[in-house]
Amino acid sequence: MAKILVIDDSALMRRILRNYLQAAGHDVEDWLPLSAMEIPERLTSNPVDLILTDYQMPGVNGMTVAKMAMKAAPGVPVIVLTALVDAEIAAQLAKFKVTRIIHKPITSEALQAIVSEVLGSSPRPPQA
């Protein structure tokens, strides 16, 4: 069972994603950071196996989450969900080691398959 952090500005979307992932047996927490400065503390004080974040959010977007995760939780895979993506956005996300970009909408089965694939190839880094 993996511990997954879901970050999205929509409470409804967080609940849907949480339900999808819990149905696959994962331990899921959802969260909406109010500022980028909260991210490192959250990731170091409560480590996770995977971060699933929305790309377009007010204040803290998926790019910022990926950048902060790369520094605070190196080795933890980040999956970005988005309805809007182009080559430039994909290239920017790649700089921050984003593992996958998923286009919305997504079914429960498709999300579970992607998460299983990502977790299968990315073991949890050792804890300090």
Roughly speaking, what is the centre-to-centre gap between segment 45-102 and segment 1-15 when only Cα atoms are used, to the nearest Å? 13
5 Å-binned pair-distance histogram of the chain (Cα, whole percent): 2, 11, 24, 26, 22, 12, 2, 0
Cβ-placed point charges (K, R +1; D, E -1), dipole of segment 19-58 about Cα centre in debye, nearest 20: 60
21 Å Cα-Cα reach of LYS95 towards lysines, excluding residues that sit fewer than 8 places from it in its own chain: LYS67, LYS71
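Bear in mind that the values in this text are calculations on the coordinates, not laboratory data. On a predicted model such as this, the values are computed, not experimentally measured, just so you know. Heads up, the Cβs are rebuilt from the backbone with ideal geometry, glycines too, and the neighbour counts pull from every protein chain shown.
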